[in-house]
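Colleague: One structure coming up, written as structure tokens, with questions to follow.
The values are calculated or read from the model by the stated rules, or taken from the named source; none is laboratory data. Not measured: the values here are computed from a predicted model. Every residue, glycine among them, receives a Cβ derived from its backbone with ideal geometry; neighbour counts consider all protein chains shown.
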Amino acid sequence: MGLACHIGSQITELSPLKAAFAVLRRMTLDLRAQGFEVHRLDFGGGLGVPYFDRPGEADPVDYAAVAAEAARGLDVQLAFEPGRMIAANAGVLLTRVIHVNERPDGMRFLVLDSAMNDLMRPALYDAFHDIRPVRPREGAAGPYDVVGPVCETGDTFAKDRVLPPLEAGDLAAFMTAGAYGATMANEYNSRPLVPEVLVDGDRWAVVRARPSYDEMLAREAVAGWLIP
């Protein structure tokens, strides 16, 4: 009925995608020559996310033109899976500064109430997420090691990240957290999941509430043979 491809994630150049589409086109023509009907082509994951430290190199309009050329004259239904590009920059993780620890050697640790369980990508992949104060303070920017409150070496979001001045109680936002943020979050160390809030202009609604400790414990059942 159809063919699909997936050549990787976070691709920001058109040339590898163009080459993959060409393979699907040749396969479609070859299969039809052998009497098979091919009605549908899935061109896969689309373009990578233009993260704030590395803007996307390809424009979606150019991507669409490459896809259209590959499918020209084939009379097929096309499918695309551009989820990350749509969702990533549509979401942020809001966090609050717990403490700024200034060491005698000049190092500064920015301790947040968010932890590796809330945003796993930096710990797993050394992924970059821009960090922005909600209400910037006056003063010169400086380097921080940005960490969470979980007692783990991996609970580190960034090292030597140059940020505006931040103090305990300040709110900050991890940008580009809409993809693989909440979906990879977990309750490690019995930390409740963060609530998810949908925002539209000046309107907002909690679409997934933070679970209570009672709700978390209620999911655990005692094995029958342990009950007297």
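Colleague: Return the total of residues in the range 42-73 being modelled with pLDDT of 95 or more and buried (at least 16 other Cβ atoms within 10 Å of the Cβ).
Modeller: Going through the range 42-73 one residue at a time, the tally reaches 6.
Colleague: Related question: Kindly indicate whether any position in the range 160-177 is modelled with pLDDT of 95 or more, part of a loop (DSSP other than H, G, I, E, B), within 22 Å of the chain's Cα centre (by Cα) and of a type outside the set (A, V, I, L, M, F, W, C).
Modeller: No.
Colleague: Can you tell me which condition Ser212 does not meet? The list is (1) touching a residue at least 12 places away in the same chain (Cβ under 8 Å); (2) of a type in the set (S, T, N, Q); (3) under 18 Å from Met116 (Cβ atoms), and all the others hold.
Modeller: So the condition that Ser212 fails would be (3).
Colleague: If you don't mind, there's one more thing I want to ask. Of all residues in the range 14-43, which are within 14 Å of Ala67 (Cβ to Cβ), assigned to a helix (DSSP H, G or I) and over 26 Å from the mean Cα position of the chain (by Cα)?
Modeller: Of everything in the range 14-43, those that are within 14 Å of Ala67 (Cβ to Cβ), assigned to a helix (DSSP H, G or I) and over 26 Å from the mean Cα position of the chain (by Cα) turn out to be Ala19, Ala22, Val23, Leu24, Arg25, Thr28.
Colleague: Taking into account only those residues within the range 102-153 that are of a type in the set (Phe, Trp, Tyr) and in contact with a Phe, Trp or Tyr (Cβ under 9 Å, 6 or more places away or on another chain), which is surrounded by the most Cβ atoms within 10 Å (Cβ to Cβ)? Talk me through it step by step, then tell me what you get.
Modeller: Going residue by residue through the range 102-153, those that are of a type in the set (Phe, Trp, Tyr) are 109, 125, 128, 144.
Applying the additional criterion that residues be in contact with a Phe, Trp or Tyr (Cβ under 9 Å, 6 or more places away or on another chain) yields 109, 128, 144.
Details: Phe109: 14, Phe128: 17, Tyr144: 25.
Ranking the candidates gives Tyr144 first.
Colleague: Among the residues of the range 105-114, are any among the β-branched types (Val, Ile, Thr) and in contact with a Gly (Cβ under 8 Å, 6 or more places away or on another chain)?
Modeller: Start the filter on the range 105-114 by keeping residues that are among the β-branched types (Val, Ile, Thr), which leaves 111.
From what's left, in contact with a Gly (Cβ under 8 Å, 6 or more places away or on another chain): 111.
Scanning the range 105-114 turns up at least one residue that is among the β-branched types (Val, Ile, Thr) and in contact with a Gly (Cβ under 8 Å, 6 or more places away or on another chain).
Colleague: Identify, from the list Asp118, Asp105, Asp126, the residue that is assigned by TED's automatic domain parsing to the domain that holds Gly181, of a type in the set (Asp, Glu), under 13 Å from the mean Cα position of the chain (by Cα) and modelled with pLDDT under 95.
Modeller: Working: Asp118 fails: modelled with pLDDT under 95; Asp105 fails: under 13 Å from the mean Cα position of the chain (by Cα).
Asp126 is the lone residue from the list that is assigned by TED's automatic domain parsing to the domain that holds Gly181, of a type in the set (Asp, Glu), under 13 Å from the mean Cα position of the chain (by Cα) and modelled with pLDDT under 95.
Colleague: Filter the range 179-192 down to residues that are modelled with pLDDT of 95 or more and buried (at least 19 other Cβ atoms within 10 Å of the Cβ), then give me how many there are.
Modeller: 2
Yes/no per residue for (1) over 28 Å from Met184 (Cα atoms); (2) not aliphatic (A, V, I, L, M):
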residue: Ile11; (1), (2): no, no
residue: Ala22; (1), (2): yes, no
residue: Arg32; (1), (2): yes, yes
residue: Ile86; (1), (2): no, no
residue: Val97; (1), (2): no, no
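Colleague: Just to be sure I understand, how many residues within the range 79-96 are touching a Leu at 6+ places or on another chain (Cβ under 8 Å), surrounded by fewer than 20 Cβ atoms within 10 Å (Cβ to Cβ) and at pLDDT 90 or above?
Modeller: So the answer is 3.
Colleague: Which pairs turn up if I take residues in the range 146-175 that are farther than 18 Å from Met107 by Cβ and look for partners that are of a type in the set (S, T, N, Q) and loosely packed, with under 15 Cβ neighbours inside 10 Å with beta carbon separation below 8 Å, at least 6 apart in sequence or on another chain?
Modeller: The qualifying pairs are Val150/Asn189.
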